[in-house]
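Structure first, then comments.
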Amino acid sequence: MFNLILFGPPGSGKGTQSEKLISTYGFKHLSTGDLLRSEIKNQTKLGLEAKSFMDNGQLVPDAVVIGMVDAAIGANKGVNGFLFDGFPRTKAQAIALDELLGTHDTSINLVLALDVPEDELVVRMIKRAKTSGRSDDADENVQKNRIAVYKNETLAVAEHYATFDKVITLNGLGDIDVIFASLCAEIDARA
Ligand code: B4P
């Protein structure tokens, strides 16, 4: 089993590259952003709770997200590996993920971090806002807040996995297929 975290700031292309990686490697895709948006669409209690955090560019509380991931891992026993996209986003989530995977006798093999300059992130989110229908894309202040939250809370995830020598940082700027090829090279060297 090979478990991968695709890491990076909001708008760095995690979702874009995840789609390509799952069709090449057959990972089970676990995007907490997608799971949360599905809960909102279905107007579940969890979705209603998550929406106000997401609309403000804040993180949804750890306990809510960890519970959701626990259920998703439990529902997908026997897969070849997970691709975690947008999770973990805090050190507490990273520690919880390590424990969860441990109970299934597996662990994170690799963290691939996409490096994209801040001004490009904003450009991408403004562009995505035209088609995504996402309320968290539309407002520039919300985008700035998401980047600040990334710096204050999410960078600690990369630091956590760096202590286990599991992080590779790649250029996330430029042609999508070139970035994809560089991600594949790192996976192929280890899988
Ligand atoms: P997410 O759904 O995870 O989304 P994201 O970080 O905004 O974007 P991503 O990096 O996937 O970028 P994309 O490929 O779309 O999070 C949304 C919200 O959910 C969070 O703010 C938070 O509130 C909540 N949430 C999610 N997970 C959570 C957790 N674990 N804990 C707490 N809260 C959580 O790319 C962006 C755009 O750029 C696209 O339009 C794409 O077409 C374009 N693009 C991609 N690659 C490009 C390239 N190389 N060049 C030019 N454009 C490119």
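Observations
- Rounded to the nearest 20 debye, the dipole magnitude of the chain is 440 debye, with +1 charges on Lys and Arg beta carbons, -1 on Asp and Glu beta carbons, and the Cα centre as origin.
- Choice from HIS160, HIS29, HIS104 with maximal GNM fluctuation in the chain (Cα, 10 Å cutoff): HIS104
- Dipole magnitude (debye, nearest 20) for the stretch 58-160, charges at Cβ of Lys, Arg, Asp, Glu: 320 debye
- Linear extension gain, GLU159 paired with ALA75, 0.36 nm per residue minus alpha-carbon span: 27.3 nm
- Cβ-defined net charge surrounding ALA96, 9 Å radius [Lys, Arg +1; Asp, Glu -1]: -4
- Judged by the ratio a/c of the largest to the smallest principal axis of the C-alpha gyration tensor, the stretch 1-93 counts as prolate, that ratio being 1.5 or greater while a/b is larger than b/c.
- Checked against a 21 Å cut-off, the cross-linked pairs LYS91/LYS166; LYS14/LYS127; LYS51/LYS77 give Cα-Cα distances beyond that limit for LYS51/LYS77.
- For the stretch 78-175: relative contact order, % (alpha-carbon pairs under 8 angstrom, 6 or more apart): 43 percent
- Positive-pole candidate from SER23, ALA185, LEU4, dipole of the stretch 4-190, charges at beta carbon: SER23
- With every protein chain in place, the chain: carbon and sulfur % of accessible area (1.4 Å): 51 percent
- With contacts taken as Cα pairs under 8 Å and at least 6 residues apart, the stretch 4-190 reaches a relative contact order of 32 percent.
- By the equivalent-ellipsoid construction on the alpha carbon gyration tensor, the stretch 50-137 comes out with semi-axes of 28, 16, 13 Å, ordered largest to smallest.
- Average accessible surface for the chain: 50 Å² per residue, computed with a 1.4 Å probe over protein heavy atoms with every protein chain in place.
- The alpha carbons of the chain stretch over 40, 39, 30 Å along the principal axes, in descending order.
- Net lengthening on full extension, THR106/GLN58 (0.36 nm per residue, minus Cα-Cα): 14.3 nm
- For the chain, the 222 nm mean residue ellipticity estimated from helices alone, with every DSSP H stretch of n ≥ 4 adding -39500 (n - 2.57) and the total spread over all residues, rounds to -17000 deg cm²/dmol.
- Amide hydrogen proximity for HIS29: with H placed 1.01 Å from N in the peptide plane, the residues at 5 or more positions away or on another chain lying under 5 Å are LEU83.
The values are calculated or read from the model by the stated rules, or taken from the named source; none is laboratory data. This structure is a prediction, so every number in the text was calculated from the model and none was measured. Virtual Cβ from ideal backbone geometry, glycine too; neighbours counted across all protein chains shown. Only protein heavy atoms, including side chains, enter the accessible area calculation; ligands, DNA and RNA are left aside. Shrake-Rupley method; radii C 1.70, N 1.55, O 1.52, S 1.80 Å.
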